[in-house]
Amino acid sequence: MAYLTGEARAQLDAFKAVTVRHEHLTRVDEQLSLWVEEHTDATHVLLCGPGGVGKSRVLAVVAERFAREELDRFMVPILLLEPIPPDQGPYLRLDYYWQIINALKGHLLVKELLGNVAHLMDAPKATRSKLGAIDWLKVRGVAEQALIRARVKAVFVDEGHRLMQGDGSHSVDEQLEWLKSLSNRTNVLHVLAGPYALFGFRNTSGQLARRGRDIHFARYHVEDKEERIAFVAALNYLLGRVPLDVDLNALLLRWRWFAEGCVGCIGILKDWLVDAVAATLVQRGTSLTEEILTRTIPHPARRVSLEVEAHAGEHKVALHDSESVKQFQALLKKPAKAANGKTEPTSGNLSGAPSAGQADEIAKSASATLPMPQVSPKPSKPRMGQRAPERDPVGETAASSVRKVIGCTFTEEIPVTLAQMEEVEVSRFECPTCLAVRDIKPRGDHVKFPSHPKRTTSIPNQGLCWVKRESVWRLSK
């Protein structure tokens, strides 16, 4: 049985502890640190990005630096938590209070608070949801006082989408309002890091948008020159710290292969190198070879899943940003001018505020971008004996009924690349609206679902094809 010697284990652990200060991580680090130090009225930050990009690492880096630089031993600048996946029942708000109290229970000023809730803290998780309102308030009060006494600046929540899901009885707005109330009472910023699912929780209302911040931790796209330089610099940093003999120049020439293997995510790149180093050390090797790297590269199916999820999330972010700019520009369209060429004066309004006439023009221009709901008129009750409104049949069409073909509304671009289709040899796509299946020939690098009649049958589709599940395109039978 192959195993690592003590020296090999120490070398591997030292390499696993290496943190790459690459460009994207530095940018997120600086922005997050600024908001922790001074978050004004902000109550929460949503940090989203693809899996393996380095979200957990940047949380740990910022938390460790704040703790290292803090001279007051009675102050805990940042609390780093991860919502525990439920064993029985959903993740409750009470679990969040429990984790906060448990993380600060060793603090000198917090120990005296534990006596009020010791019996509740020891209760089995399955029975927590059955606690009364008074018990809930006691635990919340102790959690809030613990944050205040330890002078916590921020709570970092890794896998924060679990916290937003809650127990299923609260909406997203209610969960954010709950975090806002905690922040208002303790002056603590809550930073939630997770996948692109968190992106849908931002700007759900004007009030929450004012109190919230968001950061997109993007991966590297080596087609862009600046992105490519930053990625190669991160690759060079990691290869230079591998505890083995490395032909650095030869491996750096394969930068595109490394970028494809890790789908542009530095966290995945490091995991790949850790696997390669471990495999080499187990075999008592002394050099990092391309053969070992090829054997330990992430499986193609895994890379397809990561690429599709990252591409869909990036498309969602870009589309949302562009549409928001269009809508905002429509609402802030230049004010109308009078016949003499001068801007119409506003009566009783602040300088620059639209008048009543200008507001109508803004509403008209915004309606082109922001579709208004269509309201059907209320039908009136016909008089006794009155015919229902319908067209009388004329000529030959009276004998035969004409069936109208209804077209499906889904004709969007699909975030699946030609390389992914060729790799799995599948070009069949299922419409997420009507479930019709079409064999699509991509034009260039773009795949777009063609116009098609709406499927009317309910017979299940057969064979392997690309399907859309929870905003992500995946292969499925």
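The values are calculated or read from the model by the stated rules, or taken from the named source; none is laboratory data. Just so it is clear, the model here is predicted, and its values are computed rather than measured. Note: ideal-geometry Cβ built from the backbone for every residue, glycine included; neighbour counts use all protein chains shown. Protein only, heavy atoms only, side chains kept; ligands, DNA and RNA dropped before computing areas. Shrake-Rupley method; radii C 1.70, N 1.55, O 1.52, S 1.80 Å.
Scan region 285-304 for residues that are in contact with a strand residue (DSSP E or B) (Cβ under 9 Å, 6 or more places away or on another chain), open to solvent by 60 Å² or more (accessible area, probe 1.4 Å) and among the hydroxyl-bearing types (Ser, Thr, Tyr) and report the count.
1
Would you pick out the residues in region 322-334 that are open to solvent by 70 Å² or more (accessible area, probe 1.4 Å) and not β-branched (Val, Ile, Thr)?
Of everything in region 322-334, those that are open to solvent by 70 Å² or more (accessible area, probe 1.4 Å) and not β-branched (Val, Ile, Thr) turn out to be 326, 328, 329, 331, 332, 333, 334.
Being among the hydrophobic types (A, V, I, L, M, F, W, C) and in contact with a Ser or Thr (Cβ under 8 Å, 6 or more places away or on another chain) is the filter; apply it to region 43-65 and report the residue that is least open to solvent (accessible area, probe 1.4 Å).
That would be 62.
How many of the residues making up region 234-262 are assigned to a helix (DSSP H, G or I) and under 30 Å from the mean Cα position of the chain (by Cα)?
Total meeting the criteria: 13.
Could you please give the count of residues in region 263-302 that are within 22 Å of the chain's Cα centre (by Cα) and over 16 Å from residue 238 (Cα atoms)?
The qualifying residues number 3.
Residues 277, 282: which one is among the hydrophobic types (A, V, I, L, M, F, W, C), in contact with a Leu (Cβ under 8 Å, 6 or more places away or on another chain) and buried (at least 17 other Cβ atoms within 10 Å of the Cβ)?
Only one candidate qualifies: 277.
Exactly one of these conditions fails for residue 230: (1) open to solvent by 60 Å² or more (accessible area, probe 1.4 Å); (2) touching a residue at least 60 places away in the same chain (Cβ under 8 Å). Give me its number.
Residue 230 satisfies every listed condition except (1).
Looking at 185, 213, which one is open to solvent by 60 Å² or more (accessible area, probe 1.4 Å), under 18 Å from the mean Cα position of the chain (by Cα), within 30 Å of residue 157 (Cβ to Cβ) and not small (Gly, Ala, Ser)?
After ruling out the rest, the residue left standing is 213.
Within region 164-181, identify whether any single residue is at pLDDT 85 or above, basic (Lys, Arg) and surrounded by 15 or more Cβ atoms within 10 Å (Cβ to Cβ), and answer yes or no.
Scanning region 164-181 turns up at least one residue that is at pLDDT 85 or above, basic (Lys, Arg) and surrounded by 15 or more Cβ atoms within 10 Å (Cβ to Cβ).
So which residues in region 413-463 are open to solvent by 50 Å² or more (accessible area, probe 1.4 Å), in a loop (DSSP other than H, G, I, E, B) and either aliphatic (A, V, I, L, M) or in contact (Cβ under 8 Å) with a residue 60 or more places away in the chain (or both), if there are any at all?
If the condition is that a residue be open to solvent by 50 Å² or more (accessible area, probe 1.4 Å), in a loop (DSSP other than H, G, I, E, B) and either aliphatic (A, V, I, L, M) or in contact (Cβ under 8 Å) with a residue 60 or more places away in the chain (or both), then 435, 459 are the ones that fit.
What's the total number of residues in region 193-210 that are crowded, with 19+ Cβ neighbours inside 10 Å, over 13 Å from residue 316 (Cβ atoms) and among the hydrophobic types (A, V, I, L, M, F, W, C)?
Matching residues across region 193-210 total 2.
Quick check on residue 19: is it among the hydroxyl-bearing types (Ser, Thr, Tyr), open to solvent by less than 60 Å² (accessible area, probe 1.4 Å) and touching a helix residue (DSSP H, G or I) at 6+ places or on another chain (Cβ under 8 Å)?
yes
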